[in-house]
Amino acid sequence: MMQQYLTHFEQAHRRGFLERIWNFFRREPNDLLSFEAVRQLLRLRTGYDKGLQEIELDKIVGSVGRGREFTRRFFPKTDRLENRWSKVDQLYHERGFEPITVYQVSQVYFVLDGNHRVSVSQTHGLTLMEAYVQVFHSPITITPHDTLDTIRQKWSRLNRSSTSLALVST
């Protein structure tokens with residue numbers, strides 16, 4: 001039975017490899033967005049609790065501290081994840097998952113707890129997950145297609161327009 005879960009991991013790992021090649025040619029990032037980098041850039045403050053929500057997997061774009069272990073679509077990047085990933089996959093088949101915990105910034109989510117559960121869910125083609133959501137107010141709109149560079153550009157445009165308005169009003 002464990003062999004079945006190892007096969008699922010191999011499929012997920014292969015999809016991650018193909019995603020990295022595809023992103024290379026499209027010049028798109030392979031890494032998940034770092035919540036810490038976004039938090040510092042946008043100067044995000046403490047969020048508020050939104051409770052248990054059903055969220056779309058396609059809107060999960062980042063992680064809190066585990067961004068280099070998974071691709072942008074949450075496929076495993078390395079064989080080191082195989083044992084833990086396969087155990088989470090087995091849990092999924094035997095009794096399902098507990099909700100994950102995420103931070104919401106604008107229209108996207110960052111996983112605080114549940115990176116492997118998101119990866120397994122993505123591999124099995126799920127589109128929704130239950131999550132405990134904490135919302136951080138963002139001064140700009142962030143979409144699932146944004147990179148740290150596009151977020152930085154939006155932030156700069158906002159600051160330039162705010163500065164221009166302040167100069168005009170004085």
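All of the numbers you see were taken from the coordinates with simple rules; none came from a lab. All values derive from a computational prediction rather than experimental measurement. Backbone-built Cβ (ideal geometry, glycine too); neighbour counts: all protein chains shown.
Listed by chain and number, the lysines whose alpha-carbon sits under 30 Å from that of Lys77, ignoring those within fewer than 8 places in the same chain, are Lys59, Lys87, Lys154. A compact globular protein would have a Cα radius of gyration near 2.2 N^0.38 Å; the ratio found for region 26-75 is 1.29.
Between His145 and Lys87, what is 0.36 nm times their sequence separation minus the Cα-Cα distance? Round to one decimal in nm. Don't skip to the end; give the middle numbers.
Values: separation 58, 0.36 × 58 = 20.88 nm, distance 3.05 nm.
Contour length minus Cα-Cα distance gives 17.8 nm.
Placing unit charges on the Cβ atoms of the charged side chains and taking the dipole of region 39-170 about its Cα centre, the candidate lying farthest along the positive direction among Gly125, Thr150, Gln104 is Thr150.
Where the only charges are on Cβ atoms (+1 Lys, Arg; -1 Asp, Glu), what is the dipole of region 28-128 about its Cα centre, to the nearest 20 debye? Kindly include the intermediate steps, with their values, before the conclusion.
Details: 15 positive and 14 negative charges, 63 e Å.
In total the dipole reaches around 300 debye.
State the dimensionless ratio Rg/Rh of region 72-161 (Rg: radius of gyration of Cα atoms; Rh: Kirkwood radius).
Details: Rg = 15.9 Å, Rh = 14.9 Å.
Answer for region 72-161: 1.07.
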